[in-house]
Every structure is written in C-alpha cells, then in structure tokens.
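Here's the structure we're looking at; comments come further down.
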Amino acid sequence: MTRVLLYTGKGGVGKTTSAAGTATLAALRGLRTLVLSTDAAHSLSDAFDCEVGGEPTEIDDLLFVQQIDAQRRFERSWGDIQAYLRSVLHVIGVDPIEAEELTVLPGAEEVLALLEVRDHVRSGRWDVVVVDCAPTAETLRLLALPEALSWYMDRIINTERKVLRSFRPLLGKASGLPMPDDTVFDALRRLQRDLADIRALLAGPDASVRLVLTPEAVVVAEARRSMTTLSLYGYRVDGIVANRVFPAAGADNWRRQWVAAQRGILEDVADSFSPLPIWESPYRACEPVGVEELAAFAVEMYGGDDPFARASDETSLLVDRHIDTDGRTYILTLPLPLASAADLELARHGDELIVTVGSYRRVIPLPAALARGVVAGARLDDGRLQVRFAPREPMVRTAVPPAAEVPTASGPLESAQELAQEFREQMDQQFGQEVDAAITEGTR
C-alpha cells in the first residue's frame, strides 16, 4: 500500500522544506515518490529550484513533484453546483461578477486538491506520497470537512430531494426561483462520496500527519492544539519536526542564550508529545534548496529513524465491552492528547455523541450497541476520553416528561433522545405547513 505523509504547521516554520526533504530521502532509498502541495501558495518549485507544473514532473530518479491545479479540480467537481447557485443569484439581481465570487465554496481549492492525492494513491503508481499541506488552521478545517459534509448530506439533501421531486413545479412557481434538478443533487452526492474517500484514506493505517514547529512558545502552543484537534477528527500524528534548532557547538555568548532558551522549550515539547519521536533540524546558514541540500537536510533530521514506517499509535475510536454486576456496559474511548476537561464539552443527540474541544466539534455516530444504551458517565484520563454506556432502563410513562439535562464535562451525561424526537416532530409539522402554504400560493 502507498504510504501517505502529510506535513503541516504554523506558517513559516519550514513545513515545505520538511516535506520536500522527506520526499527526496524516500527517492534516494529506492521508493517511487511523489511530493505535492495542497497549499494555495505553492512553494515546492522554489524548494527544488525547478519548474513544476500541474502534472507529476520527474526532477530526479524516482522523485516526482506536482503543484496541483486546484482551479481545474474545482470546475470539475463543483461546476454543476456553482452553475445552479449562480442562476439563483441572477434571478434575485446579484451582479454576475459578485455571483461568481459568492458561489466559491470557502476552502474548496484545498479540499478538492486532496482528491488528487486520493487518485494518486488509488493508481498504485507510488510507494510514498508526501503532501505539503496548508498552514495549520486551514488544514484543520480542511480535514474536518469530509465528515461534516457527509452529516449534512445524509440529513438534509436526501429529504429535500424527495420533496422537490414531487413539488418542484409548484415550489418554483411560488418562489420565482429556479429549483435544483437531479444534476445538482447528483453532483452533491458525488462530492460527498469523494470526500468520504478522502476521509477514509487520511484516517486509514497508511496515512499520518507530521507537525512541523520551531522552538518558540507561541508555535509550540499552536502545535499542541493541532495535536488535540487532529486526534479529535481521528487522524494520526506520528511525529514532530523541530526545525531551526540552534546548535550548541561553537556558540558565542549571544547564541548560547538562544541555545538555552530553545533547549527549555524543546524539553517542554518532548514532555507534551511523548511518546512521539521528535526530529530536530539545526538552524542553517541558508535555506536548503535543490535535491542535494534537501536530501542532506532530511538525513540529518531523521538520523537513524525510518520516517516511512507505518504509525503504530492508535488514534481511532475504541469500544471496550465489560460485564459487571449491573449488566453489560460499554466504554467508548477517543484519544484526545493534550485536551483539558475545562475545554471539553459532551452532548448526546439521538444516536450521536457530540464532542467539542475548544472551538472544534465532532459528531460521532454511535454503534448500535451503544446507541441502544444511555450515557452513564464520562472521564478524561491521560489524554483519552472514556464515555461509559449502560443498558437503558424501561421507560416509565409520566404525565409530564422530565426535562432533558444539558450534558457537559462537569457532570454525568444524560440522554436527550426524547427532546430530539420532540424537536423532529415540531420540525416535521412546521415543514409540512410551509409546503402546504407554497402549494396554495402556487395554485392561485
């Protein structure tokens, strides 16, 4: 299977150099290697000091480089959807140039660039694919999108498509707006499948993320947050690259102060990211450019380690079953390294568990065995969130149903399934009234 390595980090820390050096080292070891960039601000051509196009370009034995033409990918995958949105904006009087800008999905270029990664992996042409990702914040939103869009498609698009098939002429007449046809829905469904493929690839055993940082407190703090968030979405982080480390040998008084300051931060890095390997790269007099210098950079950085070995750490959801005196219980375990209880919130919505860490949220569909139970408690222990599910007790009918509690990290979690069902019934009733009103208006 193709080994996939993604490099990301705060802007300016050297992630492109790290990705390019790793790819060069892979080719020197006899692996057929492709390195490509999903960052809109491509810089691989600068790193290798050669012209790089939208197709894989061989620049050395077994080493190919590509800077993805994201616009072409965008038109191919989003074109039908964008055309429909433009037609809606045209009807309501939006300027065509403004409509063109408004119908560009934020982050679409980076998202669709990952489709190129998927296609290359599927081709079986490469032993190693190295991806130079966008800076950390953009990459996190990018990696979260496949799961989020799938959730939306499953719950919203399927229902609306069924309604529109039956009432498209009446709804179009009532609103005066063009109704989306099957081409639009088919394009959305294709996009969903594509993004699901990306999700499966990047969260699979052959892919992992490397965080690139420099020994600076602000940069390390962001790397910690990135580690937690990537784990929240089920992506493996299998190593840390500490770039631009001042060498202690031959240092004058000024540099010795820098060496001491960086050493303290690097000790903090080792404590924070243990047991992950920390690969250090010394500060250089000039930036490594070209195949030879990039290869030397990677050899010095990795030392005797094998940077292409599969990650052995487990960052996916784990479900442990236990039998106790109260009956069968299940514990769902989600790795959240570096997360704190103060930043963690949990909620149960029907057959889903909603996990929020800071400003990031993940909706986790529960396996059937867990969905049938109730949440009996949760704890954060040594970087792993453990949620305990117990058998559901027989429901006792009461004249006034108890109000559902809002679950948080500060207390036990309670099921909100009854509240969710009531909400669905209210929405169904309201939706039916809106459709009836549209039909009545369209027949006048």
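Listing for the model above:
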| quantity | calculated |
| --- | --- |
| Evaluation of Gln262 against (1) crowded, with 19+ Cβ neighbours inside 10 Å; (2) within 18 Å of Asp132 (Cα to Cα); (3) modelled with pLDDT of 90 or more (one fails), failing number | (2) |
| Any hit, the range 275-295, residues being hydroxyl-bearing (Ser, Thr, Tyr) and modelled with pLDDT under 85 | no |
| Neighbours by Cβ (under 8 Å, 6+ apart or cross-chain): first from the range 196-208, in contact (Cβ under 8 Å) with a residue 40 or more places away in the chain; second open to solvent by less than 40 Å² (accessible area, probe 1.4 Å) and among the polar types (S, T, N, Q) | Ala196/Ser150; Arg199/Ser150; Asp206/Thr2 |
| Ser272 being surrounded by 15 or more Cβ atoms within 10 Å (Cβ to Cβ), under 21 Å from Arg384 (Cα atoms) and more than 20 Å from the chain's Cα centre (by Cα) | yes |
| Filter pass, Arg256 being surrounded by fewer than 21 Cβ atoms within 10 Å (Cβ to Cβ) and under 29 Å from the mean Cα position of the chain (by Cα) | no |
| Inter-residue pairs, beta-carbon under 7 Å, first buried (at least 18 other Cβ atoms within 10 Å of the Cβ) and in the range 345-369, second in a loop (DSSP other than H, G, I, E, B) and of a type in the set (Asp, Glu), 6+ apart | Leu366/Asp351 |
| Subset of the range 17-58 [surrounded by fewer than 22 Cβ atoms within 10 Å (Cβ to Cβ) and within 20 Å of the chain's Cα centre (by Cα)] | Ala40, Ala41 |
| Given (1) part of a loop (DSSP other than H, G, I, E, B); (2) of a type in the set (Asp, Glu); (3) modelled with pLDDT of 85 or more, number of the condition Glu300 does not satisfy | (1) |
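The values are calculated or read from the model by the stated rules, or taken from the named source; none is laboratory data. Please read these numbers as outputs of a predicted model, since none were measured by experiment. As a convention, Cβ positions derive from the backbone with ideal geometry for all residues, glycine included, and neighbour counts pool all protein chains shown. We work out accessible area using only protein heavy atoms, side chains counted, and drop any ligands, DNA or RNA first. Shrake-Rupley method; radii C 1.70, N 1.55, O 1.52, S 1.80 Å.
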